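Below is one structure, written out as structure tokens; comments come after it.
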Number of protein chains: 2
Amino acid sequence: MSGQQAFLDAALAHLGPRGITCDADLVEPWLTDWRGRFQGRARAMASPANTQELSALVRLCAQHAIPIVPQGGNSGMAGGATPDQSGEAVLLSLRRMNTIADVDVEGRQVTCGAGVILEVLHEAAAAEGLRFPLTLGGKGSATVGGLISTNAGGTQVLRHGSMRSLVLGLEAVLADGQVFSTLTPLKKDNRGFDLKQLLIGSEGTLGIVTAATLKLVPAGADRLVIWAGLPTVQAARALLLHCEDVAGEALEGFEVLPQASLEAVLDHMPTARPPLAGIHPWHALIEVVADSTHADRLRDTCETMLEDAFRKELLDDAVIAANEAQADAFWLIRDTIAPAERERGPAVQHDISVPVARMPDFIDMAIRELGAAWPGTEVVAFGHLGDGNIHLHVIAPGGAERTRWQETEGKRISRHVHDLVTDWDGSISAEHGIGQLKRDELARLGDPVALHLMRQIKSALDPSGILNPGKLV
Amino acid sequence: MSGQQAFLDAALAHLGPRGITCDADLVEPWLTDWRGRFQGRARAMASPANTQELSALVRLCAQHAIPIVPQGGNSGMAGGATPDQSGEAVLLSLRRMNTIADVDVEGRQVTCGAGVILEVLHEAAAAEGLRFPLTLGGKGSATVGGLISTNAGGTQVLRHGSMRSLVLGLEAVLADGQVFSTLTPLKKDNRGFDLKQLLIGSEGTLGIVTAATLKLVPAGADRLVIWAGLPTVQAARALLLHCEDVAGEALEGFEVLPQASLEAVLDHMPTARPPLAGIHPWHALIEVVADSTHADRLRDTCETMLEDAFRKELLDDAVIAANEAQADAFWLIRDTIAPAERERGPAVQHDISVPVARMPDFIDMAIRELGAAWPGTEVVAFGHLGDGNIHLHVIAPGGAERTRWQETEGKRISRHVHDLVTDWDGSISAEHGIGQLKRDELARLGDPVALHLMRQIKSALDPSGILNPGKLV
């Protein structure tokens with residue numbers, strides 16, 4: 001009997017027929033990342049129903065030295081959930097582990113399996129008058145396990161932090177099949193190293209997240225969504241500081257986009273309307289949320305905040321969404337930037353951060369420098385200005401052939417962007433992770449001391465290297 | 001030339017005469033922890049002036065296989081900064097590394113050396129209209145480096161989290177002398193494992209914290225301090241939930257103490273006055289802080305909150321401090337519990353947490369069970385109910401001889417308390433750390449999977465075991 005057959009038989013015994021398959025029709029769709037950049041092969045796809053089954057599978061893989069590539073909703077941005085071309089790996093789907101326990105309303109927390117989809121989690125929290133304060137474009141497919149493994153961000157990080165801030169407890173299967181668990185979270189616990197935070201954001205290379213206890217917050221009595229037109233990106237930063245001063249903790253989101261991105265969305269989505277009458281070089285989308293204590297004063301606060309900002313010449317024009325429908329329409333413009341841009345031709349995308357205060361100058365510099373070095377390209381920067389994190393997209397000149405341009409000019413541009421970011425003390429991956437997309441760039445540009453530490457930890461916790469090989473470190 | 005002399009000569013060359021000493025008069029005071037529980041010996045005390053000097057010292061120690069015991073203000077609670085009796089170690093004082101860089105007012109952050117004393121940091125932030133929102137009894141001696149290495153807590157964790165939440169960036173010298181640094185913090189950075197969080201709370205066993213960039217918050221326009229008398233500790237928990245609902249983020253502190261602790265303070269400090277007229281089984285000390293937006297409504301909010309609580313029978317009586325002096329007097333009662341109790345005779349102290357919702361029942365159970373098993377003792381529980389963290393002190397029967405009682409009955413009681421806490425899914429160290437005090441108990445009661453992970457990480461990052469040996473793992 002071949003090694004493969006012995007492995008499959010043993011896996012079948014542990015996981016049952018629903019838990020392991022080699023059927024190409026079932027496996028194939030999960031072997032390519034959703035952006036179509038990475039394609040891999042796998043000896044089988046495992047879909048354990050619970051942590052015990054997964055633990056047995058990992059022991060089996062350890063015994064046979066078979067690599068494991070964990071996957072949630074397959075909506076990652078860095079190819080972190082796609083196996084390599086060797087066909088050695090087991091593709092591990094966590095999607096069956098999608099139980100949500102009862103929401104603990106008093107404790108404002110919920111425990112759920114790694115396979116729970118973000119949107120389902122949102123609904124479960126909302127049903128109890130609470131919310132899970134992290135959202136992003138892929139919420140219909142992204143899973144809790146994937147969000148934790150990549151320390152996902154999104155549009156509410158300004159107020160609530162990234163996934164790292166929202167995980168109260170964690171369960172994970174380690175490289176030897178042992179189960180690490182802190183699913184009964186303690187608010188304070190100083191019994192040694194913070195293993196939970198070490199596992200969060202480790203992209204499945206140190207352990208496989210199987211479940212988590214997550215923080216919920218009150219649903220928020222009311223929100224106001226503001227669209228502002230601005231003369232410069234420096235004004236956007238000044239406006240952000242002004243809003244933080246006035247609204248304090250109530251400020252939940254502060255996104256920026258240039259006029260070009262707004263126009264791309266308007267072209268792409270005929271039902272969309274420009275929020276403001278005039279043309280403005282930059283736009284800010286601002287969300288302010290009030291709890292029950294302050295809901296009655298929310299509109300007054302926002303109106304005063306905007307009047308003061310106008311007087312200080314921090315903005316040229318602004319409008320508060322008249323109702324929830326309009327608020328949603330404003331956010332839809334923001335969420336449509338990426339698909340709208342895809343229509344405009346080949347592009348390379350960069351998810352970068354620099355120290356918050358330096359971001360406006362970085363954006364100006366990058367647009368200027370990249371435009372000069374690659375004439376005909378268009379440089380667009382949009383996103384989470386409040387977190388010092390923007391998505392910097394460089395769109396190819398008209399007529400460029402997608403794959404060829406991306407593989408030649410595109411790669412050179414990306415290297416240059418990463419060099420610039422590193423010069424400015426920034427990060428080449430602010431929220432999307434490293435995966436296989438940026439692994440070489442991290443090795444090239446990362447702090448050697450940090451890289452050495454990471455490799456030491458990886459070797460210590462996964463000496464045979466079976467957990468998501470070829471990713472991150 | 002002896003190995004010791006060769007080491008001292010080389011250290012002198014790197015650190016200069018102020019940087020290394022064997023003078024017993026200078027070294028002796030730092031060889032005993034402030035509570036007098038642990039006493040050690042050291043071959044020398046090193047006091048590097050900066051990170052470069054420390055890096056050179058660590059390389060030298062690595063070369064000579066000399067253990068290093070880092071120490072800040074020597075105000076730790078678990079003997080983590082006291083060397084063992086062998087006299088092999090170098091005692092490393094970080095106290096000379098006490099530079100505070102300019103406060104970044106716009107970015108609300110400050111970078112400072114490991115040796116900066118907490119109270120000095122408070123003053124530096126206050127001078128710029130900001131505050132560092134972590135405080136504790138030892139603020140006059142505790143240093144930033146020690147607070148980070150032990151992930152210190154205190155009375156503002158409810159709102160602002162422990163030290164872990166307040167460190168934006170970190171610099172540390174590793175076991176081989178290399179310097180890890182993220183002192184230019186990025187709000188978002190997903191380039192791999194969270195090495196910063198791994199170092200925080202690792203008690204100097206993985207690296208020596210040399211500097212940090214810390215988060216500051218607005219100074220707060222106004223605060224109100226409330227003293228409430230309560231029938232039961234269950235009522236205290238219900239009152240806490242009520243205050244969280246009404247005051248939301250404005251609730252910064254919620255401490256509880258029993259009548260016995262209040263009486264001990266009143267006996268100990270003749271100038272203190274009881275905040276309320278009557279006698280109440282339990283007391284709560286509540287602090288509510290408003291930013292500039294809501295300062296005008298703070299008193300109204302608090303009065304309504306207390307009236308509703310009274311109507312719901314969550315409290316028997318309550319008073320809002322009339323002015324800052326009275327507010328300080330209320331807090332002084334809280335801060336005097338520990339010294340006041342020391343006067344009442346020998347005791348064993350336990351810094352424990354259980355899941356927040358279970359704490360009231362845990363307290364009742366522990367008082368009942370310990371009282372029955374050790375007649376004549378008095379069990380006192382006070383502290384951070386809002387964090388699920390209390391200090392559970394068991395005071396010896398009258399006439400017990402201190403050292404003997406602590407070493408015999410006291411140790412048995414502590415083991416029993418730790419067993420109870422573990423049964424209730426709690427932590428034997430909520431905020432004080434493990435050090436040498438609780439190392440054996442952690443080995444006895446800790447999750448074997450977590451302990452194994454910690455030992456793997458320790459071996460990987462400090463293979464020769466020179467960093468703070470005998471502590472934590």
Pairwise burial B:A, computed as accessible area of each alone minus the pair, summed, 1.4 Å, Å²: 6200 Å²
Anchor A:K187: lysines whose Cα lies under 16 Å away (excluding residues fewer than 8 positions away in-chain): A:K196, A:K215
Relative contact order (%) - segment A:109-218, alpha-carbon pairs under 8 angstrom, separation at least six: 38 percent
Dmax and Rg, reported as Rg then Dmax, of the protein assembly as shown (C-alpha, Å): 28.6, 93
Convex hull of Cα atoms in segment A:280-321, direction-averaged projection (nm²): 3.2 nm²
Proximal aspartates and glutamates relative to B:K139, as straight alpha-carbon distance under 13 Å, when same-chain residues fewer than 8 apart are discounted: B:E119, B:E123, B:D335
Size of segment A:90-131 as Cα extents on the principal axes (Å, biggest first): 40, 17, 10
Built amide H within the under 5 Å cut-off of A:R131, gap 5+: A:V217, A:A219
Net lengthening on full extension, A:L241/A:D104 (0.36 nm per residue, minus Cα-Cα): 45.8 nm
Separation of the B:R342 and A:Q39 label points, Cα + 7 Å toward Cβ, nm: 7.2 nm
Alpha-carbon Debye profile of segment A:222-338, log10 I(q)/I(0) at 0.10, 0.14, 0.15, 0.19 Å⁻¹: -0.27, -0.53, -0.61, -0.98
Inter-part distance where segment A:394-473 and segment A:1-74 are each reduced to a Cα centre, Å: 27 Å
Extension gain from A:R404 to A:K312, taking 0.36 nm per residue of separation minus the Cα-Cα distance: 28.3 nm
Cα-based Kirkwood hydrodynamic radius, segment A:3-93, one decimal, Å: 13.1 Å
P(r) tail fraction, segment A:345-432 - alpha-carbon pairs more than 15 Å apart, %: 54 percent
Charge context of A:N468, other residues only, Cβ under 13 angstrom, K/R +1, D/E -1: -1
Theoretical ellipticity at 222 nm over the protein assembly as shown - DSSP helices of four or more residues, -39500 (n - 2.57) apiece, nearest 500: -10000 deg cm²/dmol
Virtual spin-label span in nm between A:D23 and B:D300, 7 Å along Cα→Cβ: 6.5 nm
Partner chain coverage, peptide A:447-454 - average Cβ within 10 angstrom: 6
Length-normalised contact order of chain A in % [C-alpha pairs under 8 Å, at least 6 apart]: 15 percent
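Shape call for segment A:51-138 from the C-alpha gyration tensor, a ≥ b ≥ c root eigenvalues: rounded (a/c under 1.5), prolate (a/b greater than b/c) or oblate?
Oblate is the answer for segment A:51-138, as a/c is 1.5 or above yet b/c matches or exceeds a/b.
Report, please, the projected area of chain A averaged over directions, based on the convex hull of its C-alpha atoms, in nm².
Hull-based average projected area comes out at 23.3 nm².
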Antiparallel bridges, percent of DSSP beta bridges restricted to segment A:3-93 (to nearest 5): 30 percent
DSSP bridge orientation in segment B:249-392 - percent antiparallel, rounded to nearest 5: 100 percent
Cβ-defined net charge surrounding B:R299, 13 Å radius [Lys, Arg +1; Asp, Glu -1]: -3
Gained length - A:D423 relative to A:M269, 0.36 nm times residue gap less alpha-carbon distance: 51.7 nm
Occluded residues from segment A:180-195, i.e. those whose accessible area drops by 40 Å² or more once the chain is not alone (1.4 Å probe): A:T184, A:L186, A:K187, A:K188, A:N190, A:R191, A:G192, A:F193, A:D194, A:L195
Inter-centroid distance (Cα atoms) of segment A:158-231 relative to segment A:106-143, Å: 12 Å
Other-copy label distances relative to A:D423, 7 angstrom Cα-Cβ extension, nm: 6.5
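The values are calculated or read from the model by the stated rules, or taken from the named source; none is laboratory data. Since the structure is predicted, the reported quantities are computational estimates derived from the model, not experimental observations. With ideal geometry, Cβ positions are generated from the backbone for all residues, glycine too; neighbour counts draw on all protein chains shown. Only protein heavy atoms, including side chains, enter the accessible area calculation; ligands, DNA and RNA are left aside. Shrake-Rupley method; radii C 1.70, N 1.55, O 1.52, S 1.80 Å.
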